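A short write-up of the structure that comes next.
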Amino acid sequence: PNNWAKDEKKSSISITETGRKCQDFWDAFNSYAENDKKFIKDFKTRKPQPQNWYDLGIGNRNMHISMNLQFKKGTLNTGIYIPDDVDLYNDFVSIKTDVEKAIGTALIWHQANKASRFFVVKNIDINDSANWEQCFKWLIEMNFIFKDISKKSKK
């Protein structure tokens, strides 16, 4: 009986142009990723939303992979997001050299009071959908590496 009210609420929410682009990107990402047997074995896709981030579980409730889009800057990034565990973040900082060597470049490390993350950025025109397949390949490659890195934590 409450489904009608939920559906009405959803249909009344307007999505911004950027939100629509994000949802289109993540929808195309899902279609691409679902054709990668190894990716589907290791990760579970989720319903795309009109937001600039998309999270993937990695088998550890203390952290997950977070992919992010920035259409205005022409960048995307992916990395480990740690919602509320400074000690876990510091475990990764203690092996920063090994982590960055596994990725093949320096990462951005961001510690905050509540949530922390470390991630890699790719500069690419994500406004041009002709570049999306290249984006998807890069995200999938990086996410496998980050999943392996996540296993190096003590928690």
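Per residue of the range 121-133, what does 6.51 cos²θ - 1.76 cosθ + 1.60 with θ = phi - 60° give for ³J(HN,Hα)? Whole Hz please, x for Gly and Pro, Karplus curve as stated.
10, 10, 8, 7, 6, 7, 6, 9, 4, 5, 8, 5, 4
Given +1 on the Cβ of Lys and Arg, -1 on the Cβ of Asp and Glu, and no further charges, what dipole in debye does the chain carry about its Cα centre, rounded to the nearest 20?
340 debye
For the range 1-138, what % of the accessible area comes from carbon and sulfur atoms, probe 1.4 Å?
Carbon-and-sulfur percentage of accessible area, whole number: 47.
Expressed as a rounded percentage, what relative contact order does the chain have, with Cα pairs under 8 Å and six or more residues apart?
20 percent.
Mind checking the log10 I(q)/I(0) for the range 1-153 at q = 0.20 Å⁻¹? Debye, one equal scatterer per Cα, no solvent, two decimals.
-1.28
Take the Cβ-Cβ distance between ASP128 and ASP91 as r, set R0 to 35 Å, and report the resulting FRET efficiency rounded to the nearest 0.05.
Computed FRET efficiency for ASP128 and ASP91 comes out at 0.35.
With every protein chain present, what is the per residue accessible area of the chain (1.4 Å probe, Å²)?
60 Å²
The values are calculated or read from the model by the stated rules, or taken from the named source; none is laboratory data. Bear in mind that the values here come from a model prediction, so they are computed numbers and not experimental data. Don't worry about glycine lacking a Cβ; one is built from the backbone with ideal geometry, like all the others, and counts go over all protein chains shown. Note: areas computed on protein heavy atoms with side chains; ligands, DNA, RNA excluded. Shrake-Rupley method; radii C 1.70, N 1.55, O 1.52, S 1.80 Å.
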